[in-house]
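Contents: one structure, followed by commentary.
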Amino acid sequence: VQLQASGGGLVQAGGSLRLSCAASGRTFSSYRMGWFRQAPGMEREFVADISWNGGTTYYADSVKGRFTISRDNAKNLVYLEMDNLKPEDTAVYYCAAKASPFSSRWASTYDYWGQGTQVTVSS
């Protein structure tokens, strides 16, 4: 599976962005998908993940109620809708795929990674 994240940019605090992750491969729908982010000097951290059919989602406490993860298996796309953005959301955002169906907040459990897209939130 190859992943390509896009949609990042510069936005003011309180604004919104929608990230997209395009996946190649006919088995996309069998993978659990996740979004992670990494700020300068920080470790990569879990943001959200979604089951193969979109039936279950999990979020980091820091984004719960502001971010929404979704997927469109017909289009091989995963989205991260980010609302009410804060300066502390500034980071490079990565999409990732894992063959195991179980939710995980650990980056090491994911099998494939996209190249990342920069999100910058100004105060």
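The values are calculated or read from the model by the stated rules, or taken from the named source; none is laboratory data. Here the structure is a predicted model, which is why all the values come from computation and not from measurement. Every residue, glycine as well, gets a Cβ built from its backbone with ideal geometry; the counts of neighbours run over all protein chains shown. Ligands, DNA and RNA are excluded from the accessible area calculation, which covers all protein heavy atoms including side chains. Shrake-Rupley method; radii C 1.70, N 1.55, O 1.52, S 1.80 Å.
On the basis of the beta-carbon distance and an R0 of 25 Å, Met42 and Ser6 show a calculated FRET efficiency of 0.65.
Put simply, the Cα atoms of the chain extend 41, 26, 25 Å along their principal axes, the longest span coming first. Annotation: per residue accessible area for the range 1-122 equals 51 Å², rounded to a whole number [probe 1.4 Å, protein chains only]. As a length-normalised measure over Cα pairs under 8 Å and 6 or more apart, the relative contact order of the chain settles at 36 percent.
For the range 92-107, putting each phi into the Karplus relation 6.51 cos²θ - 1.76 cosθ + 1.60 with θ = phi - 60° gives couplings of 8, 9, 10, 9, 8, 10, 9, 6, 5, x, 7, 5, 8, 9, 9, 4 Hz, in residue order, rounded to whole numbers and with x for Gly and Pro. Measuring max minus min along each principal axis, the C-alpha atoms of the range 31-90 give extents of 35, 22, 19 Å (largest first). Of the solvent-accessible surface of the chain, computed with a 1.4 Å probe over protein heavy atoms with every protein chain present, carbon and sulfur atoms account for 50 percent.
Converting phi to 3J(HN,Hα) with the Karplus coefficients 6.51, -1.76 and 1.60 and the offset θ = phi - 60°, the range 19-32 yields 8, 10, 9, 9, 10, 9, x, 7, 9, 3, 5, 8, 9, 7 Hz in sequence order, with x at every glycine or proline.
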